[in-house]
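Accompanying notes for the structure given below.
The values are calculated or read from the model by the stated rules, or taken from the named source; none is laboratory data. These figures come from a predicted structure and were not determined experimentally. Glycine also receives a Cβ, built like all others from the backbone with ideal geometry; neighbour counts cover every protein chain displayed. Heads up: the accessible areas ignore ligands, DNA and RNA and are worked out on the full protein's heavy atoms, side chains in. Shrake-Rupley method; radii C 1.70, N 1.55, O 1.52, S 1.80 Å.
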4 protein chains.
Amino acid sequence: MNSFGRNFRITSFGESHGVGIGVVIDGCPPRMDLDIQDIQPFLDRRRPGTSLLTSSRKEEDKIEILSGIFEGKTTGAPIALLVRNLDQQSKDYEEFREKFRPGHADLTWQEKYGIRDHRGGGRSSGRETIGRVAAGAVAVKFLSAQGISITGKILAVHGKTDPAEIQKEILRAKESGDSVGGIVEITARGCPSGLGDPVFGKLDALIASAMMGIGAVKGVEIGDGFAVAGMFGSENNDPLTKDGFSSNHAGGILGGISSGQDIVVRIAVKPTPSIEKTQKTRDIHGNTTEISVKGRHDPCIVPRIVPVAEAMIALVLIDCVLEREKYQKIP
Amino acid sequence: MNSFGRNFRITSFGESHGVGIGVVIDGCPPRMDLDIQDIQPFLDRRRPGTSLLTSSRKEEDKIEILSGIFEGKTTGAPIALLVRNLDQQSKDYEEFREKFRPGHADLTWQEKYGIRDHRGGGRSSGRETIGRVAAGAVAVKFLSAQGISITGKILAVHGKTDPAEIQKEILRAKESGDSVGGIVEITARGCPSGLGDPVFGKLDALIASAMMGIGAVKGVEIGDGFAVAGMFGSENNDPLTKDGFSSNHAGGILGGISSGQDIVVRIAVKPTPSIEKTQKTRDIHGNTTEISVKGRHDPCIVPRIVPVAEAMIALVLIDCVLEREKYQKIP
Amino acid sequence: MNSFGRNFRITSFGESHGVGIGVVIDGCPPRMDLDIQDIQPFLDRRRPGTSLLTSSRKEEDKIEILSGIFEGKTTGAPIALLVRNLDQQSKDYEEFREKFRPGHADLTWQEKYGIRDHRGGGRSSGRETIGRVAAGAVAVKFLSAQGISITGKILAVHGKTDPAEIQKEILRAKESGDSVGGIVEITARGCPSGLGDPVFGKLDALIASAMMGIGAVKGVEIGDGFAVAGMFGSENNDPLTKDGFSSNHAGGILGGISSGQDIVVRIAVKPTPSIEKTQKTRDIHGNTTEISVKGRHDPCIVPRIVPVAEAMIALVLIDCVLEREKYQKIP
Amino acid sequence: MNSFGRNFRITSFGESHGVGIGVVIDGCPPRMDLDIQDIQPFLDRRRPGTSLLTSSRKEEDKIEILSGIFEGKTTGAPIALLVRNLDQQSKDYEEFREKFRPGHADLTWQEKYGIRDHRGGGRSSGRETIGRVAAGAVAVKFLSAQGISITGKILAVHGKTDPAEIQKEILRAKESGDSVGGIVEITARGCPSGLGDPVFGKLDALIASAMMGIGAVKGVEIGDGFAVAGMFGSENNDPLTKDGFSSNHAGGILGGISSGQDIVVRIAVKPTPSIEKTQKTRDIHGNTTEISVKGRHDPCIVPRIVPVAEAMIALVLIDCVLEREKYQKIP
């Protein structure tokens, strides 16, 4: 499945070392101003090659709008967006045609489909998130007009919380041919109450699915998250007065439905599985072998996951906002 | 949305104090032996009134099969299951017609739909999970025949891990008119590789959605979960040899697809929001007021969430097993 | 698949000779007055045993509301409806356990699922339409409040158009152990423009699917229908003036989207396949044999299809009305 | 909605006078040989400018594969296909910015979305079917390997059935600034039994939706179609013997499920609404005006609908074949 969302539905396509990466948005509201400048800055934030801390792959990630816009406005037709790949160095990956990289989708893709594009992870590459970020930018534009904003930030990398220390930690990992993980927090402000459904389309379930659906994410929590396991009900409940809630342990969601408070989400990001350090692995013939994943890899994917996580939250929220419209004025 | 799943699709209905709770399963494979005895034991495990630690509501939760079975076998037709409510004491809830219980869906349901069945939480009650557990039982039967088993257990309640201490902790909370949360771990063994899709239908995303879609769950993690944030790639990657994986930090899922290892999931369960301790809240007229939620509530929902979480994992897995069939023999 | 609709989504269950027939409506707008009297009259119209022209099966078809209504109003929760079967005479069908009735789903169900409930067609019985009619009644109530009405009528039976002749034709077929087909026309009045999507969710495509999805329907046409094949564009186009359209050859739909004119649909209904006249058929052992389908069958299903076709049109229209809401006020 | 299908799901995008027309196929089986030569011939069949009988728009309609193929084989990743528009003459359409063309989606699109790309019909252009034909070509390749073939033919144009007379009829209409309609028949041979679901995903309902979802189609019938209205059951039923069916009045579908016989479908195609003859219409200011639709239009769309209808049938069939896989070997 390469689609996400019910109302603002995106369909993503493309591989790391193919022609490019794209996305089709189906269900974008009509009559909205939209041009490339609404989208490109979001791609620039997730683009590689911008610092020592990220992959040195040189990609401009220039977005092309293929459809859905007429004289600067959305028309209700699907919006197709495409970024062409420029800096594929497929030869770097020749070794991985026969060897499965630990911690990657190489083995499981092969076992599922019986065939695999080994170049840069193919469809399972982080480059796939270009489509999400591009579609997310359109969602962000819509949500902004509704007073909703989404901000992500790094809470910690490998146990460090200070930005300077985080930078040092990442460079140290890079130098030792290793990688590190971390934690990202995303906050959505200005959401109306009433987003999300009470049983299976719970807003928190949609968010959890969106977050865990980002490669490298191994945990999701909302509001107090795992800390609730050690709390009393009298601590965890958010008292309510005529002026609103007195606290936000719930992270803005009650019974699967937004309460109007800030929506607060944290995700755990694993260390990049591509490391130079030698690891044991298997080849496609079933033999044990060794592997050192050289090339242009991020020693820490945490910073580049921030815009992706923001985009996914935006996609969930726009979907719920449109869903809610159905029942607003009726009967 | 009251449906879950693409291939083994369940649709749930019913309220805590209405006629009953039911579920329709659409997509159950035909020619499978199935009768009430395959389902009832699962409902008995989640049923209230079985110990001092749970709600004293007296419900037999006897399941009735309304359709889909012919001479003891599934036919490919939808299987409708119904449990009638017996012990509704709606009067207990009269106070909550006008007051929103903190930590519940009362306020958000009202704001979303402009109307609310206040009796026992209506559709947002924990009783809604009867449908999930009943459908999950059918899934479990199917999965067992494929060699897949699912087991949940309590890891901790309010910081305690020893069963005796956990029991004491719950009783202590009950006596003080309070409640406590905890952590549950579910393990699925015997899964084939190839379950889950690489981009938006990732197995971990489906699991996250299923878990966070259970009321009271505020966090989900898979494999090492939040601990990955403090790890090196060289620690977190699972080395592979000709004999398989040497460790299981990934929790059985790589790139969104099952690897054949055990699938390991942990969830954080919040303290039951219904507590006798007096809390501040708002009434439907917008005034600040106080509330003490008396009645038949679990002081800790953790034990009763175990069968629900197992059921949801079973529903995710059967869905992925059927999805995978589509691409096995072709072309 | 036993569900229909995107926004007002119904899931149907039950068999002709099982416990009963039911339907779950997911997505009904909240705050709508609804009780049994809104639904029962629609079921009474499709019920058997009401005249010499229909099956003599005695079914009261009393509807029970299992969920979704609170103090006389919809709440946004799923509405489950159940009609219990009373007058099953399963023994009548014992012969068909081994013999496939021509023109029925007996053979194809067996080949698809490898198992079959032979009693009265099981899930493929016309009784399955109870769920559609019940859900359609809820849709009709909603649409009425929006000024939309739906009326079906018999255009012809076995070539006759006069009601008295139609009645004679049906009785004559019955006496000779045979059956006859006919044509039904359904008109929806008061629809706003803007229902339906321009490419794959075209209103006419949704209607065609809904109509051809009724057992016994073999043809669907909209507006001038098959007659367009013999027309010039200058005849078929509906001229437009400042006062609206001058004609309605299009049947109320242009480019897949309603135009505000009456929506006009005709369907071809095949003669009931259950006939007493002896026919050649095959048994489950692969032998050629003969069959005479005795029992309580309608010699002409056309009159009883009218309320079913109306219900299906109502289900399509409510779905499109809710879909349209999403894009009305935004941005 | 711009997607079609459950398992082999296509998402279409693009406008007549935008950058191009494209489609994303999600769910194509992996390990299938596929290259441009499997697709281009199908596009060449539907392409304009190939004879006096069709539009003179000069489009090469060269397909580009953007994703999903690796070393000549499908990988399980989505296949994105793009045809760039070359010969847009948008100025031809300037008049229609303000005037609604009768028989077109101009008015209804405007009323639905409040904005409209007037150039060549925008998204409602016949060029949109490029995506369907391209995706259909992939489906055809898959189905061929399963022994399934699909053939369409023109049965009649404006009442004529002889090819030479049909050609004359079309030229005569063209010369008089008018257009004509007709009937197309599509036959699918070699289908296994068991395709389609018994209630809402009936094969005939899916086909009806697919056919009526083609612009200009106003009627669909299967097997004997509308003729059943004048038949006796004893005529219409297909007798069965140990050697199979003795006739095929049903058109290959019983109870919504394929029987293994040829699937036979006929569609009514309306005369092209774009005609030079002067017609009354309305402008966007609400005034009555006149319009003569000059430019490069097909005087009869029937021949060019044949490959589109074949493609849509192929898309329905592949979807059902994949769906059927889920329940073949289990349990």
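Element breakdown for the range D:145-223 at a 1.4 angstrom probe: carbon and sulfur atoms account for 50% of the accessible area. The same position A:Lys91 in the other copies lies at 5.0, 8.5, 8.6 nm from this copy, comparing label points 7 Å beyond Cα toward the beta-carbon, shortest first. Scalar couplings 3J(HN,Hα) for the range C:131-137, obtained by applying the Karplus form with A = 6.51, B = -1.76, C = 1.60 to θ = phi - 60°, are x, 5, 5, 5, 5, x, 4 Hz; x denotes Gly and Pro. For the options C:Pro78, C:Pro271, C:Pro192, a Gaussian network treatment of chain C with springs between C-alpha atoms closer than 10 Å singles out C:Pro192 as fluctuating the most.
Seen through its C-alpha gyration tensor, with square-root eigenvalues sorted a ≥ b ≥ c, the range D:119-170 comes out oblate because a/c lies at 1.5 or above while a/b is not bigger than b/c. Under a GNM of chain D (C-alpha, springs under 10 Å), which listed residue has the highest mean-square fluctuation: D:Pro48, D:Pro273, D:Pro239? With Cα springs under 10 Å in chain D, the top fluctuation among D:Pro48, D:Pro273, D:Pro239 is at D:Pro239. Would you mind counting up the charge near D:His249? Only other residues with Cβ under 13 Å from its Cβ, with Lys and Arg at +1 and Asp and Glu at -1. The answer is -3.
Label-to-label distances for C:Arg189 across copies, nearest first, come out at 5.0, 5.5, 6.9 nm, using points 7 Å from Cα in the beta-carbon direction.
Please name whichever of B:Ile69, B:Gly20, B:Gly114 sits farthest to the positive end of the charge dipole of the range B:3-328, dipole taken about the Cα centre and charges placed at Cβ: Lys and Arg +1, Asp and Glu -1. With unit charges placed on the Cβ atoms, the residue in question is B:Gly114.
Taking the Cβ of B:Phe8 as the centre, find all other residues whose Cβ is under 9 Å away and add up their charges (Lys, Arg: +1; Asp, Glu: -1). In short, 0. So which residues in the range A:250-264 end up with at least 40 square angstrom less accessible surface once the other protein chains are there, compared with the chain by itself, probe 1.4 angstrom? Buried on complex formation: A:Leu254, A:Ile257. Chain A residue nearest the rotation axis toward D, with distance: A:Thr11, 2 (Cβ to axis, whole Å). Summarising the amide proton neighbourhood of B:Thr75: residues at separation of 5 or more, or on other chains, whose placed amide H is nearer than 5 Å comprise B:Arg31, B:Phe70. Per residue, chain B exposes 31 Å² of solvent-accessible protein surface, assessed with a 1.4 angstrom probe and all protein chains in place. A Förster radius of 51 Å combined with the Cβ-Cβ distance from D:Arg6 to B:Glu165 puts the calculated FRET efficiency at roughly 0.50. Dipole of chain C computed with +1 at Lys/Arg Cβ and -1 at Asp/Glu Cβ about the Cα centre; of C:Met231, C:Ile284, C:Ile267, farthest Cα towards the positive end is C:Ile284. Computed from the C-beta positions of D:Arg97 and A:Lys58, the FRET efficiency with R₀ = 45 Å rounds to 0.55. Sparse packing (at most 10 other Cβ atoms within 10 Å of the Cβ) combined with a DSSP loop state is found for the following GluC sites (Glu not before Pro) in the range A:41-124: A:Glu71.
Between the C-alpha center of the range A:267-331 and that of the range B:22-90 there is a gap of 38 Å. Helices in the protein assembly as shown, meaning DSSP H runs of at least 4 residues, each add -39500 (n - 2.57). Divided by all residues, the mean residue ellipticity at 222 nm is -8000 deg cm²/dmol. For B:Gly244, the point set 7 Å out from Cα toward Cβ sits 4.9, 5.3, 7.2 nm from its twins in the other copies, listed from shortest up. Which of rounded, prolate, oblate describes the range B:83-171, given a ≥ b ≥ c as roots of the alpha-carbon gyration tensor eigenvalues and a/c under 1.5 marking rounded, otherwise prolate only if a/b is larger than b/c? Oblate shape, in that a/c is at least 1.5 and b/c is the bigger or equal ratio.
Build a GNM of chain C with springs between Cα atoms under 10 Å apart, and of C:Val228, C:Val184, C:Val217 the one that fluctuates most is C:Val228. For chain D, what class follows from the C-alpha gyration tensor (a ≥ b ≥ c being the square roots of its eigenvalues): rounded when a/c is under 1.5, otherwise prolate if a/b is larger than b/c, else oblate? Note, shape of chain D comes out oblate. Could you compute the FRET efficiency for C:Glu175 and C:Ser149, with r as their C-beta to C-beta distance and R0 at 30 Å, rounded to 0.05? After rounding, the FRET efficiency stands at 0.20.
For the chain pair C and D, the interface hides roughly 7500 square angstrom of accessible area in total, found with a 1.4 Å probe.
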